[in-house]
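A quick write-up on the structure given underneath.
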């Protein structure tokens, strides 16, 4: 048994650099654009050609990039440079999401840029879905388990408290939290 443990650790550390870049190579082959020194750890991506990740990004385990469609003009899920995304985040996108430089997204957060129609007389699943893009500014901190809904624009330097549900846009340098999210205070020097 000791032999297999030693062999496992030898192989793991000897070939670790290969495995670290293997999934990046696969996603690039599938049409995804990934900047230099960005790391992806076991994401689930429905349409890699719809995703662009900037330089120096760090994406933790079990992130879902779900583009609800096949074709559109250009990428629909865009992470700019130096973005951190915690584990178990979900991006359920039909139109577009842009996350600005140096932003931090806490674990378990959800981004959904569309709704379902709710008119009577027709099944909800068959109705057109209103959709609006989500834009997250630069240097934004989104806490754990935050839900950000369609049409939300978050200004540069804003902070969203853990567990918030954001259904309207947030100005720069403000701290918001709650369900639905409301202004708590401003950031101070």
- Message: Take the conditions free of Cβ contacts under 8 Å to residues at least 40 places away in the same chain and under 15 Å from residue 40 (Cα atoms) and apply them to residue 97. Does it pass?
- Response: no
- Message: For the stretch 18-52, give me the residue count where each residue is part of a loop (DSSP other than H, G, I, E, B), modelled with pLDDT of 90 or more and within 13 Å of the chain's Cα centre (by Cα).
- Response: 0
- Any chance residue 110 is surrounded by fewer than 17 Cβ atoms within 10 Å (Cβ to Cβ) and touching a strand residue (DSSP E or B) at 6+ places or on another chain (Cβ under 6 Å): yes
- Item | Exclusive hit being part of a loop (DSSP other than H, G, I, E, B), surrounded by 19 or more Cβ atoms within 10 Å (Cβ to Cβ) and out of contact with any helix residue (DSSP H, G or I) (no Cβ under 9 Å at 6 or more places or on another chain), set 55, 101, 82 | 82
- Message: Any residue that is under 19 Å from residue 66 (Cβ atoms) and surrounded by 19 or more Cβ atoms within 10 Å (Cβ to Cβ) - is there at least one of those in the stretch 151-160?
- Response: yes
- Are any of the residues in the stretch 160-168 more than 22 Å from residue 53 (Cβ to Cβ), part of a strand (DSSP E or B) and touching a residue at least 12 places away in the same chain (Cβ under 8 Å)? yes
- Item | Residue check, residue 143 within 13 Å of the chain's Cα centre (by Cα) and either without any contact (Cβ under 8 Å) to a residue 24 or more places away in the chain or within 17 Å of residue 43 (Cα to Cα) (or both) | no
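The values are calculated or read from the model by the stated rules, or taken from the named source; none is laboratory data. As the structure is a prediction and not an experimental result, all values here were calculated from the model. Cβ sites come from the backbone with ideal geometry, for glycine too, and all protein chains shown count toward neighbours.
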